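Below you'll find the structure, written out as C-alpha cells, and then a few comments.
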Amino acid sequence: MVEMMIEAARNHIRVGSFTPNILDLYERVNRAVPIADRRWVIEHIGVYGPDEIRRIRDLGLVLTAYTGRYIWKDGAMLARQLGPTGASRIAPCARCSRPASTSRCRRTMCRLHSSTRSTTP
C-alpha cells in the first residue's frame with residue numbers, strides 16, 4: 001500500500017483514507033516524497049490525542065469528521081471509556097484547527113459531515 005501511495009505522491013494525486021494506522025503510512029510516504037503541501041486527507045477522524053494532532057499538523061493533512069458516528073452514535077460510550085479528561089479527544093476538530101506553537105505550523109482543515117439527527121445520546 002505504501003508503494004502505491006508513494007507513486008500517488010510522485011504524480012501529485014491526493015490520497016484520502018480512514019485506515020487505522022494511516023498516520024504511520026503517511027509519515028512513511030512523506031519520508032520518500034514530501035506530502036506536507038499536498039493536502040492529503042484523513043477521513044472520518046475518530047479519537048486523536050495531542051501527539052496525533054501534532055503529526056497531522058506536521059504533515060499538513062486535511063481532516064473530515066463523521067460526527068454522526070463519533071459524537072451522536074458512539075459519543076457517550078467513547079466518553080465513558082476515555083473519561084472526563086479524554087472525552088475532548090473525540091473528533092477533535094477545534095484542537096486540530098488551532099495553530100501550533102511552532103513557526104512550522106500548518107493549519108489543518110476539518111470539514112464536518114453534520115448528522116441529520118438533532119438529538120444527542
### Task
Working only within the stretch 17-39, note down all residues that are at pLDDT 85 or above and within 10 Å of the chain's Cα centre (by Cα).
S17, I22, L23
### Message
Return the pair list, or none, for Cβ contacts closer than 9 Å from residues in the stretch 5-16 that are under 15 Å from E27 (Cα atoms) and in contact (Cβ under 8 Å) with a residue 24 or more places away in the chain to residues that are crowded, with 17+ Cβ neighbours inside 10 Å and among the aromatic types (F, W, Y), at least 6 apart or on different chains.
### Response
M5/Y26; M5/W40; A9/W40; R14/W40; V15/Y26; V15/W40; G16/W40
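The values are calculated or read from the model by the stated rules, or taken from the named source; none is laboratory data. This is a predicted model, so every value here is computed, not measured. Please note: Cβ atoms are built from the backbone with ideal geometry, for glycine as well, and neighbour counts cover all protein chains shown.
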